[in-house]
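Asker: One structure coming up, written as C-alpha cells, with questions to follow.
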Amino acid sequence: MAGRVAGGIWILGGISVALGTLLANRSDVDWRVLGPLCAVAVIWGACRGWLLDWTRTPRWATHATMLAAVAVGSAMVAAGGGSDSVAWPTLLWLALYALYFYAPSVSFSYLIVIAAAVAAPLAYDTHDTLHNSLLGTLLVTAACGAPVAVALVVSKRGLVRRRESAEAQALTDSLTGLANHRELQRALAELNAEGAALSHYAVAVVDIDDFKAINDAAGHEYGDGVLVAVAACLRQFTEAEEVLARSGGDEFTWLMPRASATEARDRIDAVRKLLGRQRHSYRITLSAGVCDERHGNDANELIRLADAALYWSKSRGRDRCQVYDPVVVDALSPDERASRLKRSQAMLGLRALAQAIDAKDPDTLAHSERVAELVLRLALAGGWEEDSALALRDAALVHDVGKIGVDDALLHKPEKLTDAERGEVHFHAELSARITTGVLSEEQVSWVRCHHERFDGRGYPAGLIGAEIPDGAALLSVADAFDVMTSGRAYSPRRSRAEALAECHSLSGTQFSPDAVALLERVVTLKPEIVEGPVSSVEALAK
C-alpha cells in the first residue's frame with residue numbers, strides 16, 4: 001500500500017507541477033530543468049507503485065526513494081519560480097505521507113528534512129515579494145495541512161489498533177484465549193531454530209478425559225465452559241516465554257523452553273490438582289504426555305512422542321501424566337492407533353450411555369463413576385497389577401449400561417417387585433454383558449455379567465457359587481452395593497458409611513465374597529475419605 005501511495009504522489013506531483021506551471025504562463029520558469037524533473041517523476045512513480053515488489057525490498061531502499069522525492073520536490077520548486085512556484089504542494093504531500101506511513105520518530109525526522117528542503121530554494125529566491133509570498137505559502141500550508149495531518153495520525157492509530165487486534169485474533173483461539181494451531185506452528189519453527197542452544201526444553205500434550213461424553217451428556221455450552229476452565233488452570237502455570245495452545249477440540253499443546261521433562265510433569269500434576277479442587281457438575285480430569293530434548297532435536301517429533309505418552313496414559317486409566325520413555329511407551333503406528341482409537345470411541349459411547357442412564361434419577365447421578373473409583377481402590381489394595389485394576393475400573397464404568405432395556409418405573413419403584421418385574425430387572429446384567437461384548441475384553445465382560453452373582457449362589461444371572469464368581473465381579477458387587485447404600489434409592493433409604501460397611505460385613509459369606517468385604521473394610525477404615533473426591537493418581541492409591 002505504501003508503495004502504491006508513494007507512486008501516486010510521484011505521478012500526481014509531476015503532472016500537477018507541469019500543468020500548473022503551463023497554465024500560469026510563467027516566464028521565469030527553467031523548463032530545461034523542470035520538464036525533465038516532471039517526466040522523471042511520472043515514470044518513476046509508475047515503476048515505484050506498480051512494478052517493484054516492496055515486500056522484498058530492503059528498508060534502506062524505501063528511505064532512499066523518500067529522500068530522492070524530497071530532493072526532486074525541492075528542485076521543482078526552485079526551477080518553477082521559487083516562493084510562488086506551484087510545486088510547493090508536492091512537499092506537503094510528502095510530509096503527510098511520512099506522518100502516515102512511518103513511525104513517529106522517523107516521520108518527525110522527515111519533517112525536519114522537508115523543512116530544510118523548503119528553505120533551500122527560498123534562500124536563492126530573488127523576488128521582491130519573497131517575504132510576503134513565503135508567509136502566504138506557510139499560512140496556506142499550515143491551514144490546509146494541519147487538519148489533514150491530524151486526521152492522518154488519528155486514522156493511522158485506529159488502523160494500527162485494528163491490525164494488531166486482527167493479528168491477535170488470527171493467532172488466538174477465540175474460546176479459550178490461548179494460542180491457536182497457526183501460532184503453535186510458528187512457535188514450533190522458532191523452537192526448532194533455538195533448540196540446539198537450549199540446555200533443556202520439553203513439550204507436553206494434554207487432553208481432557210472423556211470430553212465427548214461430557215459434551216454429549218451436558219451439552220456443548222457446558223463443554224465450552226469446561227474448555228475455558230481447563231485453559232485457565234493451565235495458564236496459571238505457564239511461564240512468559242512458553243507457548244500454550246489449543247491444538248484440537250479438547251487437546252492442548254504446551255511448549256516449555258528451558259524445562260526438563262520432570263519439571264513439565266510436575267507442573268501438569270499441579271494443574272490436575274488445581275482442577276480437582278474445583279467444583280463442577282461432572283468430574284473433570286486430564287491425561288497428558290511429556291517428552292524432552294533427550295529424544296531428539298526436532299520439536300515436531302517430540303510432540304509425536306509426547307502424544308504417544310498421552311495415549312499410554314489414556315490406555316492406563318486416564319487422569320495421569322506420563323513422561324515418554326521408549327522402554328515403557330510404544331510409539332504406535334497409524335494403523336495400530338486407528339484400531340485402538342476405534343475401540344476407545346466405542347467405549348466413550350458406552351460411557352455416555354451409562355452416564356445418561358445414571359442421570360435419569362438424582363439418586364443414581366454419577367453412580368457408575370463412583371463405583372469405578374471405589375473398585376479401582378479395592379483392586380489396588382488387593383495387590384492387583386495396575387493394568388488389571390484399570391481394566392476393572394473401565395468395566396465398572398459401564399456395568400449398568402444394560403439398564404437401558406429396563407422400564408424406568410421398575411428401576412425406581414419403592415414397593416417390592418413381583419417375580420416378573422424382578423426377572424426383568426435382573427436381565428440388565430446379561431444385557432450389559434451383551435452390549436459391552438466387542439468393546440471390552442472377555443474378562444471384563446465376565447465381570448460385568450457377574451456383578452450381581454452372590455457368594456451363596458442365590459445371585460443372577462447364572463447362580464454362581466463362591467470361587468466360581470470372577471474376582472473382579474466380586475469386587476464390583478461389593479463396591480456397587482456400598483455406593484447404593486450410601487447414596488440411597490427410592491426403595492432403600494440412604495445410610496452412613498459406617499452403617500453401609502456394617503451391612504456389607506453382615507452379608508460377608510452370603511451375598512458378598514469375604515475377601516472383597518475385607519478389602520472394603522480395609523480401604524474405608526484406613527482411608528475414610530477414599531469414597532469421596534477424585535482419584536489423583538494410580539500411584540497415590542497404591543500407597
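Asker: Does Val425 meet the test of being in a helix (DSSP H, G or I), closer than 25 Å to Val523 by Cβ and assigned by TED's automatic domain parsing to the domain that holds Arg370?
Answerer: No: the conditions fail for Val425.
Asker: Another question, then. Name the residues in segment 286-298 that are crowded, with 18+ Cβ neighbours inside 10 Å and farther than 14 Å from Ser260 by Cα, would you? Steps first, please.
Answerer: Going residue by residue through segment 286-298, those that are crowded, with 18+ Cβ neighbours inside 10 Å are 286-293.
Answer for segment 286-298, where residues must be crowded, with 18+ Cβ neighbours inside 10 Å and farther than 14 Å from Ser260 by Cα: Leu286, Ser287, Ala288.
Asker: Got at least one residue in segment 486-502 being within 30 Å of Ser315 (Cβ to Cβ) and at pLDDT 90 or above?
Answerer: No: zero hits.
Asker: Let me ask something additional. Does any residue of segment 233-248 turn out to be touching a residue at least 60 places away in the same chain (Cβ under 8 Å), assigned by TED's automatic domain parsing to the domain that holds Cys321 and more than 22 Å from Asn180 (Cβ to Cβ)?
Answerer: Within segment 233-248, not a single residue is touching a residue at least 60 places away in the same chain (Cβ under 8 Å), assigned by TED's automatic domain parsing to the domain that holds Cys321 and more than 22 Å from Asn180 (Cβ to Cβ).
Asker: Something else now. Consider Arg377 against the criteria (1) at pLDDT below 85; (2) of a type in the set (Lys, Arg); (3) more than 30 Å from Ala187 (Cα to Cα); (4) in a helix (DSSP H, G or I): it satisfies all of them except one. Which criterion is unmet?
Answerer: The failed condition is (1).
Asker: Only one of Gly405, Gly438 is exposed (fewer than 15 other Cβ atoms within 10 Å of the Cβ), under 24 Å from Ser388 (Cβ atoms), at pLDDT below 80 and of a type outside the set (D, E, K, R). Can you tell me which? Walk me through how you get there before you give the answer.
Answerer: On the way: Gly405 fails: under 24 Å from Ser388 (Cβ atoms).
Being exposed (fewer than 15 other Cβ atoms within 10 Å of the Cβ), under 24 Å from Ser388 (Cβ atoms), at pLDDT below 80 and of a type outside the set (D, E, K, R) holds for just one of Gly405, Gly438, which is Gly438.
Asker: Check Ala259 against each of (1) in contact with a His (Cβ under 8 Å, 6 or more places away or on another chain); (2) modelled with pLDDT of 90 or more; (3) not in a helix (DSSP H, G or I) and name the one condition it does not meet.
Answerer: In the conditions (1) in contact with a His (Cβ under 8 Å, 6 or more places away or on another chain); (2) modelled with pLDDT of 90 or more; (3) not in a helix (DSSP H, G or I), Ala259 misses (2) alone.
Asker: Condition first: of a type in the set (Val, Ile, Thr) and at pLDDT below 90. Now tell me which residues in segment 204-235 satisfy that.
Answerer: Ile214
Asker: I'd like the full set of residues that are hydrophobic (A, V, I, L, M, F, W, C) and over 18 Å from Arg393 (Cβ atoms), limited to segment 449-483.
Answerer: Those that are hydrophobic (A, V, I, L, M, F, W, C) and over 18 Å from Arg393 (Cβ atoms): Phe455, Ala462, Leu464, Ile465, Ala467, Ile469.
Asker: Give the residue, chosen from Thr253, Thr285, Thr262, that is among the hydroxyl-bearing types (Ser, Thr, Tyr) and closer than 23 Å to Ala193 by Cβ.
Answerer: Values: Thr285 fails: closer than 23 Å to Ala193 by Cβ; Thr262 fails: closer than 23 Å to Ala193 by Cβ.
From the options Thr253, Thr285, Thr262, the qualifying one is Thr253.
Asker: Taking the residues in segment 441-481 that are modelled with pLDDT of 90 or more and among the polar types (S, T, N, Q) as candidates, determine which candidate is farthest from Ala381 (Cα to Cα).
Answerer: Ser446
Asker: Cβ contacts < 7 Å: first residue among the hydrophobic types (A, V, I, L, M, F, W, C), restricted to segment 403-414; second residue assigned to a helix (DSSP H, G or I) and at pLDDT below 75, any location; separation 6+ or different chain. Result?
Answerer: If the second residue must be assigned to a helix (DSSP H, G or I) and at pLDDT below 75, the pairs left are Ile404/Leu353; Ile404/Ile357.
Asker: Please specify each residue of segment 272-285 satisfying the condition of being surrounded by fewer than 21 Cβ atoms within 10 Å (Cβ to Cβ) and outside any helix (DSSP H, G or I).
Answerer: Step one: of segment 272-285, the residues surrounded by fewer than 21 Cβ atoms within 10 Å (Cβ to Cβ) are 273-274, 276-283, 285.
Once the filter is applied, which keeps residues that are surrounded by fewer than 21 Cβ atoms within 10 Å (Cβ to Cβ) and outside any helix (DSSP H, G or I), segment 272-285 yields Gln278, Arg279, His280, Ser281, Tyr282, Arg283, Thr285.
Asker: Exactly one condition in (1) closer than 21 Å to Ile11 by Cα; (2) at pLDDT below 70 is false for Ser83; which is it?
Answerer: (1)
Asker: On the basis of being surrounded by fewer than 24 Cβ atoms within 10 Å (Cβ to Cβ), of a type in the set (A, V, I, L, M, F, W, C) and under 16 Å from Ala481 (Cα atoms), does Val425 make the cut?
Answerer: Yes, satisfied.
Asker: When residues of segment 309-327 are filtered for being modelled with pLDDT of 85 or more and either surrounded by fewer than 21 Cβ atoms within 10 Å (Cβ to Cβ) or on the phi < 0 side of the Ramachandran plot (or both), how many remain?
Answerer: Residues flagged as modelled with pLDDT of 85 or more and either surrounded by fewer than 21 Cβ atoms within 10 Å (Cβ to Cβ) or on the phi < 0 side of the Ramachandran plot (or both) within segment 309-327 amount to 7.
The values are calculated or read from the model by the stated rules, or taken from the named source; none is laboratory data. Model, not experiment: these values are computed from the prediction. Neighbour counts are summed over all protein chains in view; Cβ atoms, including those assigned to glycine, are modelled from backbone coordinates with ideal geometry.
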